[in-house]
Structure formats: C-alpha cells, structure tokens
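S.K.: Following this message is one structure expressed as structure tokens.
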Amino acid sequence: MAAADTHQSTAPFSLDSYHVSEELGFILPEPLTELPPYYQPWMDVALRVPELVDSHELRSLINKMPLLSSHFLQNHRELRLAHLALGVMTMGYVWQEGEKDTVDVLPRNLAVPFWEISQRLGLPPIFTHADGVLANWKKKERDGPFHMENLELLLSLPGGDSVRGFFMVTLLVELAAVPALRNIPAVINGIRCGDSEAVVRALDDIGRSLQDMTDALKLMQVYVEPSVFYGIMRIYLSGWKDNPSMPNGLIYEGVRTEAMEFSGGSAAQSSLLHCFDELLGIKHEEKSGAFLTRMRNYMPPAHKQLIEDISLAPSLRSFVQQQQANERLSQAFHLCVAKLLALRNYHINVVSRFITVPAARARQIRNQSQDCDGGIISRAPTALEERGTGGSGIMIFLKTVRDQTKDAFLPETSEDTKLV
C-alpha cells in the first residue's frame, strides 16, 4: 500500500499510513500461525526445515511438493506467513549441503508461488528481516508479557536455541525502538510549527529509546552461542548476491530463465536505523550509502516510504543550528546522536564476538591441521569469513557507518556529550 504523500501536505505528519503499529512499531501485530488448509503441504515442510536439513531430506521433499496457486491467500497476514514459510524452505533448500554443494535452480513448485507472493507484498523472493524477525513470533501466553521467556518462533532454521535467541533478541530491539518511532512525527511537526519545546520533549524520548535498544541488544550474548551462530546459522541467512559460493545467483524456475541475485538477511534491512539516520541528518558515504539504500528494497514498501518521507521533512539539524542559543534543544539533539553512536559501537562489538573472533579461530584450526576436529566453527563457510549475510564487507562497512554517525554532531558539541 502506498503511503500518503505527507511531506507536501499541510496536514500534521503521522504514522497512520505506513503500516506502523502504535504498540509494536514495524513488528507485524499478531502474526498468523496457520495458513488455509489448501497450503498445508507448505507448512508441513516449513515446520520441519531444521530436522530435514539435518537428515539431508529437505531438497527431495521440496522437489515432491505440489505446485500450489498463491491466489487463495486473502490478506496481508496470510501473505506474510506464506512468505516466511517459503523463505525458510528456500534457505534450507539452497544451503542444505553447505557452501560446496549449492544449487543453481530453485524448483518451480517453490519458486513460482514465492515470486507471486513477493510481488504482492513488494518484498524480494528471499528470506528477509521482515520475515525472520517482524513476522515470526508468537506469545506462549497470549496475555503475558513481551519478553524472552514468553516468546516463540513460528518457523526456524538450523541452529537450535541460538536461532530463537537471535531472532527474538532482534525482535526485542525492534520493540525497544517503538517510543522513538512514535516521537518522530512530534519532532517533524514541532519543527514545522517552530515549537522547540515539543521537539526537545520528543528528542528526550528518542534518546531513552535508543538506550533501550542497546540494552536489548546486549541479550544477544545471553541467548546466542557465537560458535553456533558462526558455524551453523550464518549460512542459512546468506543470499546469492555478492556471495562467492553462488557467483551466478539463482534461477527461479518458471519465473525467469536468467539467474537472479538477492542479498541475505541483514540488520541493515531493519527500517529503524534508516529512520533515525534521516531524522538526525546522518549522511553516509557513497559505498556504504549505496548498500543501505539497496537494503530498503528488502523492507515492506510502506516502511520504505516512511524512511523516504522523513528524509523529505524539514531538517532537524538545521532547526537546531538556527536555535543555537537554545541549549536544551542542542543537548537533546546531541544526546540522540550520542545514543545512536553508542548503539552502533555496541553492534560492532557484537559482530566481533559472533563473526570476527570465530572467523580467526576457524582459520587457525584449518591452518593447524586438515585432520583436526575443530568442532562447529571449523564447519563454517569460508566464503563468508569477512562478509555480512547481506553481502557487505562487514567490519569496514560497520565502522564507516559508525564514523559517519559521529559527523552528525554539531561543531560546538562538547566531548562529554559525544562520550555518553
């Protein structure tokens, strides 16, 4: 659904037309757990992907699945669950035998409906952040709290409890961002009206929310085992663009005769930081900026539209600069930049723990002895050692984006604020 063209209207900026939930932000409220009975052949396989990959039976079972029409899917939630199910099956099918025995062709009984559903949703035909995180959750107790002990995945990938931990912690980061999202219209409308007090109040809430996101991300080290993430999970989050294991991409049989390339799941596919970057006026250099912009094509279209409309709103940074005498406004703006910088610094810390350190260990094991049993880590795909699942050279990319966040500080910012 196209969002209203709010930036040219005199109406107040609002989140109403962007598929953003007041309570859950970008998270899909109450995802369905079942599809109509006609689609049971999909769910029967999708629910068993980890065990079928482990027994090397997934490809043969998918090859025998009936070709089902996607036309009986009636509403947005049905389409999202179908996209998640077909996405999980696709990742398992492609990577069942690891990086050495990938496939060139996705069979038509998977490729055709996946393509059709993707077209209806405006998403690519690959497993995305919108699938694995935003639409892949349920509460054990419906009226219970939104925390780890009360959350379950709808569908999983190989990696056991660490898969649940990875997706659920990421979901809690999304949830922690909701107060910040809700306050973006207050900032934009406050600027339009020249109401600096309203802008300060909204920025204070955004700063607290950014801190809560960092705190939620810290749960990753509690619920995800680095060796499992690196050695087992990562390949199933990887795509067929900028991936040396699949240099020619993937043919979607019955859709096109030429191979297509799509990036794997990536934190850059979350709309959150894109919104905050646009609001705070953070500019990215050409290469990292191009990757981030491309990742917007992996978001639900209404969320992508929100990011674009925030970018067209009056500049917060200019508003703060024009009111240099307003110390509270300057402090609130700088605190938000500092909190976003701290979040990005912590994300670099997480990536180091879950990718860089295990990659070095894997290289060390391989160099020591071909016969040595290095456990899970040594089984990890070598092609991904320095790359994110989205295909980026991960540490260079993250540090570049972090450094560009620093550039958003106004020249007179005290060093104390920058260190918050």
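Readers should treat all values here as calculations from the given coordinates under stated rules, not as data from a laboratory. The shown structure was predicted, so the numbers you read here are calculated from the model rather than taken from an experiment. Glycine gets a Cβ as well: all are built from the backbone with ideal geometry, and neighbour counts include every protein chain shown.
S.K.: Can you pull out the trypsin sites (Lys or Arg not before Pro) in the stretch 219-274 that DSSP calls coil and that have at most 16 other Cβ atoms within 10 Å?
M.R.: Hits after loop and neighbour filter: R256.
S.K.: Based on the mean of other beta carbon atoms within 10 Å per residue, what is the order of 167-176, 46-55, most packed first?
M.R.: Sorting 167-176, 46-55 by mean packing, highest first, produces 167-176, 46-55.
S.K.: If you don't mind, another one. Please identify, among N248, N150, N189, the residue showing maximal mean-square fluctuation in a Gaussian network model of the chain using a 10 angstrom Cα cutoff.
M.R.: Per the Cα network of the chain with a 10 Å cutoff, N150 tops the list.
S.K.: Loop only by DSSP, 13 or fewer other Cβ within 10 Å of the Cβ. Give me the chymotrypsin sites (Phe, Trp or Tyr not before Pro) in the stretch 186-277 that pass, ordered by residue number.
M.R.: When the chymotrypsin sites (Phe, Trp or Tyr not before Pro) of the stretch 186-277 are filtered for loop state and at most 13 Cβ neighbours within 10 Å, nothing remains.
S.K.: What ranking of L81, L35 emerges when the number of other C-beta atoms within 10 Å of each C-beta is taken as an exposure proxy, fewest first?
M.R.: The order, fewest Cβ neighbours first, is L35, L81.
S.K.: Taking each pair of different alpha-carbon atoms in the stretch 131-185 once, compute 1/r for the pair, average those values, and report the inverse of that mean as the Kirkwood hydrodynamic radius in Å to one decimal.
M.R.: The Cα-based Kirkwood calculation yields 12.0 Å.
S.K.: Show me the ranking of peptides 350-362, 326-338, 62-74 by mean Cβ neighbours inside 10 Å, starting with the highest.
M.R.: Going by the mean number of other Cβ atoms within 10 Å, highest first, we get 326-338, 350-362, 62-74.
S.K.: Quick one: of K140/K218; K139/K241; K139/K399, which pairs are farther than 31 Å apart, Cα to Cα?
M.R.: Beyond 31 Å between Cα atoms: K139/K241; K139/K399.
S.K.: Once both axes come from the Cα atoms, what is the angle between helix 394-406 and the longest principal axis of the chain, in degrees from 0 to 90, rounded to 10?
M.R.: 10
S.K.: Specify, per residue and in Å³, the volume enclosed by the convex hull of the alpha carbon atoms belonging to the stretch 18-418.
M.R.: Roughly 145 Å³ of hull volume per residue.
S.K.: If you filter the stretch 89-159 for trypsin sites (Lys or Arg not before Pro), then keep DSSP loop positions with at most 12 other Cβ within 10 Å, what is left?
M.R.: K100, K140, R142
S.K.: On a straight-distance basis, which aspartates and glutamates could pair with K283 in a cross-link, Cα separation under 18 angstrom, same-chain partners fewer than 8 positions away excluded?
M.R.: E308, D309, D403, D407
S.K.: Kindly express, to the nearest 10 degrees and within the range 0 to 90, the angle between helix 108-121's C-alpha long axis and the longest C-alpha principal axis of the chain.
M.R.: 10
S.K.: Moving on to the next point. So what's the back-of-envelope 222 nm ellipticity for the chain, counting only DSSP H runs of four-plus at -39500 (n - 2.57) apiece and dividing by all residues, rounded to 500?
M.R.: So the helix-based figure for the chain works out to -15000 deg cm²/dmol.
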